[in-house]
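The values are calculated or read from the model by the stated rules, or taken from the named source; none is laboratory data. Just so it is clear, the model here is predicted, and its values are computed rather than measured. Here the Cβ is made from the backbone with ideal geometry for all residues, glycine too, and neighbour counts use every protein chain on show. Areas reflect the complete protein model, heavy atoms only, side chains present, ligands, DNA and RNA absent. Shrake-Rupley method; radii C 1.70, N 1.55, O 1.52, S 1.80 Å.
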Amino acid sequence: MLRYLGKRFLLILPTIFVPLILVFLLLRLSPGDPAGMMLGDQATAEQIAALRTQLGLDQPIWVQFLLWLKGIVTLDLGNSIFFREPVMQIIPRYAGVTIMLTLVALTLAVVIGITMGLLSAMNRNKPIDRGVVTTAVLGISLPEFWFALLLIFVFAVTLRWFPVAGYNPPSTGLIAFASTIFLPALALGVRQSALMTRMMRSSMLDVLNEPYITTARAQGLPESKVIGQYAMRTAAMPVVTVAGLSAGYMLGGAVAIEIIFALPGLGRMLVEAVGRRDYPLVEGGVLTISLVLAVLNLAIDLIYAILDPRIRYQ
């Protein structure tokens, strides 16, 4: 296991640095001058040149790249051009919201997907099965932003069960936190839960036809034990794989949800930082997302060993 973890940590490095390098090049090769955007239209050429020198933007791109790489290695991401604060102090204020949103959405997706998929498989070709399959197809077809607006209209505007927008951190209490995170997480996780439902149903139907399930039933084991202890653990493996992919999808798709629900998250911050050409803040945000995604994928891989004891990492 330790050897496997070492290999995985080495594989994390390209996962982190490749997106960062691409973002570095795209930001600096795209048209527009962040110094001019900061100072406004009334700034003189001398003022813009002085600010470019102060920010190091007058250096050749390879010099900027080496300085940027040194900052990444030393965890010195510099100061935000817009906020005039260290990036390492700004990122935690936004990253926590996005991480919590992604984790809650992923949890909802997995719980709903496994439950509905199991219910559908156990009632194959019955009205419940057809209803679940139809709902799953509909869920996959729904865009997140449209479903988010629908949730706001029904549960926030009409029923007034939840606030329309805003965010309460967990420190304010569980109820206050849940009231602001539930609708965004549900909107973000609905498509993935539908995908996991279909995956769980298909996998469960295959497992139920396996010889060891027939043997377990022939031995007189309770159906709850056959399903819960033997069938579900094997059938859940493809769902775990989908969950790892869904985590990356949710991190990227959180931008629209954060904007709709006015959540002060990392995705919303990145959109604003790109518009301001705030190089250090954009690079810090991409670094954070890459790290979170790498850790989540590592956690998903380790869950395989828990669900299937036959797996041994080398």
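Observations
- Carbon + sulfur, % of accessible area of region 225-302 - ligands and nucleic acids excluded, 1.4 Å: 73 percent
- Relative contact order for the chain, counting Cα pairs under 8 Å that sit 6 or more residues apart, in percent: 28 percent
- Centroid-to-centroid separation of region 43-94 and region 187-216 [C-alpha atoms, Å]: 49 Å
- Remark: region 170-224 carries 50 Å² of accessible area per residue (probe radius 1.4 Å; ligands, DNA and RNA excluded).
- Spacing of the modelled spin labels on Ala218 and Phe83, each 7 Å from Cα toward Cβ, amounts to 6.5 nm.
- Portion, in percent, of the accessible area of region 82-180 that falls on carbon or sulfur, probe 1.4 Å: 73 percent
- Extending 7 Å from Cα along the Cβ direction at Ser179 and again at Thr107 yields two label points whose distance is 1.9 nm.
- Computed helical MRE - 222 nm, the chain, DSSP H runs ≥ 4 contributing -39500 (n - 2.57), nearest 500: -25000 deg cm²/dmol
- Choice from Arg217, Arg130, Arg276 with maximal GNM fluctuation in the chain (Cα, 10 Å cutoff): Arg217
- Positive-end extreme of charge dipole, the chain - chosen from Thr197, Ser141, Leu251 (charges on Cβ): Thr197
- Hydrophobic, long helices, defined as DSSP H runs whose alpha-carbon span along the helix axis is 30 Å or greater and whose mean Kyte-Doolittle value is at least 1.6, occur in the chain at 2-29, 87-122, 279-307.
- Which labelled figure in [x] 175; [y] 198; [z] 164 is volume of the Cα convex hull per residue in Å³, once derived from the coordinates: [x]
- In this simple spin-label approximation, Ser171 and Ala50 carry label points 7 Å from Cα along the Cα→Cβ vector, and these lie 3.9 nm apart.
- FRET efficiency for Arg28 and Asp129, using Cβ-Cβ distance with R0 set to 41 Å, rounded to 0.05: 0.15
- Computed on region 132-287, with alpha-carbon pairs under 8 angstrom and 6+ residues apart, the relative contact order is 25 percent.
- Available extension along the chain between Val157 and Ile61 is 29.5 nm, counting 0.36 nm per residue and deducting the alpha carbon span.
- Loop-resident trypsin sites (Lys or Arg not before Pro) (DSSP state other than H, G, I, E or B) in region 60-114 with no more than 13 further Cβ atoms inside 10 Å of their Cβ: Arg84.
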